[in-house]
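Since the structure comes first, as structure tokens, the remarks are kept for the end.
The values are calculated or read from the model by the stated rules, or taken from the named source; none is laboratory data. Model, not experiment: these values are computed from the prediction. Cβ: placed from backbone, ideal geometry, glycine included. Neighbour counts: every protein chain shown. Just so you know, the surface numbers come from the protein's heavy atoms only, side chains and all, with ligands and any DNA or RNA stripped out. Shrake-Rupley method; radii C 1.70, N 1.55, O 1.52, S 1.80 Å.
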Amino acid sequence: MEYTEDKINSFTGILRKAGLLSVDLIYRINYRLLFGSNLYYRHRISSFRSCAFCRNLNYNKAIRKYVCSYTEYEAYGSLVPCIIPDSYSRLVKKYSEEALQVPWLFKNPCLNFDVLEPKHYFRNFLSLNMSSSIIKLETLEGILTGKCYGEIPCHICALVSKETYTGCKYASRAKETGRCSIIYDNLKEYYTNYTTSMTNVS
């Protein structure tokens, strides 16, 4: 069945008005059927490779981190640069943020990279924790499309590096066009330079 944006928006619009689905669940449906499928085929055409979309990356519930089955990298919690509310904390509001590490989206895949199939492509981004899933999916969408909820995702750059954000000469132009075309490249360069500087520390 071919999914068109008009058909999906009409269908989810009816369900939303009827109160049958939450806004977050509707977002996930739209994401998987529209943006998700387009992104998968775009990645296949361009041979895009990222650990975040590798079959060998899995979430370990015991340690609450993503683990590479080939142990090319140490276990790490962040797929994309974002701050996620800690659902395990009941009394104090905590947020899960692991600084000083490169998110899986920006790590260089090893020779064992094996791309996930279309229906499982976003496996690592989805979980029973709806809030966590939506935050990760929205961040991924912002980084890979330069747009998030109709706005340019400057907040992602600002979260990663204040210098990258304040020194961006394309911000004003992005506001005019409604999309940022350099966010992925900027963040990739930042994490590449960061990794190099950490490697050279003696």
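Summarising the amide proton neighbourhood of Y73: residues at separation of 5 or more, or on other chains, whose placed amide H is nearer than 5 Å comprise C68.
In whole percent, and with a 1.4 Å probe on the protein chains, what portion of the accessible area of the range 49-200 is carbon and sulfur?
Ligands and nucleic acids excluded, carbon and sulfur give 52 percent.
A probe of 1.4 angstrom, applied to the heavy atoms of all protein chains, finds R173 with accessible area near 130 square angstrom. If R0 equals 25 Å, the separation of the Cβ atoms of I45 and Y170 corresponds to a calculated FRET efficiency of about 0.50.
The loop-placed GluC sites (Glu not before Pro) in the range 98-143, going by DSSP, that have at most 16 neighbouring Cβ atoms within 10 Å of their Cβ come out as E98.
The residues of the range 148-189 have, on average, 67 Å² of accessible surface per residue, using a 1.4 Å probe with all protein chains present.
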